[in-house]
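First the structure, in the form of structure tokens, and then the observations on it.
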């Protein structure tokens with residue numbers, strides 16, 4: 001198992017790991033970490049991390065998640081905005097259209113789509129955009145909090161009080177999404193208007209449902225106390241030990257001294 005550690009600019013430790021799991025034949029997850037090379041661009045854009053979990057058949061899901069992370073990175077880099085939020089929204093909208101266009105050109109991939117969660121850290125301020133049921137967690141001190149909500153049928157049941165949160169992750173219909181890039185005419189992107197001020201030692205954890213579906217929040221928190229590389233390795237091993245029913249992908253970023 002190879003953990004990918006990023007040789008990035010000072011101020012953030014970054015690592016990621018993706019595994020096909022124990023039951024799938026191919027990996028439909030994608031993840032990416034990006035930061036501009038030039039210091040002036042870095043100050044303007046900050047750091048970008050993306051994770052996506054595709055759907056739509058043997059190759060359709062793989063293509064959808066790849067298109068999502070590549071398009072979001074390209075558009076976020078190209079859009080000239082001081083505020084990361086409109087740049088993220090424009091990037092998600094373009095990714096939505098690109099996936100739909102690809103499906104038209106390749107009818108065998110009809111129905112392809114993907115979750116997508118992207119975060120930007122700019123001057124220790126966190127911004128994010130999100131569609132689907134991949135997740136973003138913030139670990140600070142002794143607490144872990146989920147910053148995203150699941151755009152899923154069961155997520156909606158939890159919000160209305162029909163299903164208890166502790167029962168949601170075992171619900172047989174938990175994988176039915178209500179929103180995804182590439183699905184439907186328009187896509188509604190979750191993108192909070194206000195950034196979140198980060199503190200030194202804060203840990204950000206992006207993951208697909210192949211991880212959170214078999215590993216609980218307390219276990220995510222415990223692993224996050226290690227280095228990002230060790231955290232990735234420990235959590236993927238734990239997911240595989242529990243049967244690895246889906247692809248498992250996570251990306252861990254820890255705020256360090258600038």
Does at least one position in segment 65-82 carry a residue that is within 19 Å of residue 192 (Cβ to Cβ) and either buried (at least 22 other Cβ atoms within 10 Å of the Cβ) or within 13 Å of the chain's Cα centre (by Cα) (or both)?
yes
Cβ contacts < 8 Å: first residue without any contact (Cβ under 8 Å) to a residue 24 or more places away in the chain, restricted to segment 202-229; second residue crowded, with 24+ Cβ neighbours inside 10 Å and in a loop (DSSP other than H, G, I, E, B), any location; separation 6+ or different chain. Result?
none
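Looking only at segment 229-258, how many residues end up being in a loop (DSSP other than H, G, I, E, B) and over 18 Å from residue 30 (Cα atoms)?
Matching residues across segment 229-258 total 5.
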With surrounded by 17 or more Cβ atoms within 10 Å (Cβ to Cβ), at pLDDT 95 or above, in a helix (DSSP H, G or I) and under 19 Å from the mean Cα position of the chain (by Cα) as the only criterion, which of 204, 211 stands out?
211
Contact list please: Cβ distance under 7 Å, first residue in segment 68-90 and closer than 14 Å to residue 190 by Cα, second residue part of a helix (DSSP H, G or I), pairs at least six apart or on different chains.
87/76; 88/76; 90/75
Please work out if residue 140 is at pLDDT 95 or above, more than 17 Å from the chain's Cα centre (by Cα) and either surrounded by 15 or more Cβ atoms within 10 Å (Cβ to Cβ) or within 30 Å of residue 226 (Cα to Cα) (or both).
yes
Within segment 231-258, how many residues turn out to be free of Cβ contacts under 8 Å to residues at least 24 places away in the same chain and either surrounded by 24 or more Cβ atoms within 10 Å (Cβ to Cβ) or within 23 Å of residue 145 (Cβ to Cβ) (or both)?
1
Scope segment 3-19; condition in contact with a strand residue (DSSP E or B) (Cβ under 8 Å, 6 or more places away or on another chain), in a loop (DSSP other than H, G, I, E, B) and either touching a residue at least 40 places away in the same chain (Cβ under 8 Å) or crowded, with 18+ Cβ neighbours inside 10 Å (or both); matching residues
3, 6, 11
Do any residues in segment 180-201 that are part of a loop (DSSP other than H, G, I, E, B) have Cβ atoms under 7 Å from those of residues that are exposed (fewer than 11 other Cβ atoms within 10 Å of the Cβ), where the two are at least six apart or on different chains, and which pairs are they?
200/257
Can you name the number of the only condition in (1) assigned to a loop (DSSP other than H, G, I, E, B); (2) over 19 Å from residue 23 (Cα atoms); (3) modelled with pLDDT under 95; (4) in contact with a helix residue (DSSP H, G or I) (Cβ under 8 Å, 6 or more places away or on another chain) that residue 226 fails?
(3)
Is it the case, given these coordinates, that residue 24 is part of a helix (DSSP H, G or I), touching a residue at least 24 places away in the same chain (Cβ under 8 Å) and surrounded by fewer than 21 Cβ atoms within 10 Å (Cβ to Cβ)?
no
Positions within segment 29-64 being farther than 24 Å from residue 245 by Cα and surrounded by fewer than 17 Cβ atoms within 10 Å (Cβ to Cβ), in sequence order:
36, 37, 38, 39, 40, 41, 42, 43, 44
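The values are calculated or read from the model by the stated rules, or taken from the named source; none is laboratory data. None of these values were measured; they are calculated from a predicted model. Every residue, glycine as well, gets a Cβ built from its backbone with ideal geometry; the counts of neighbours run over all protein chains shown.
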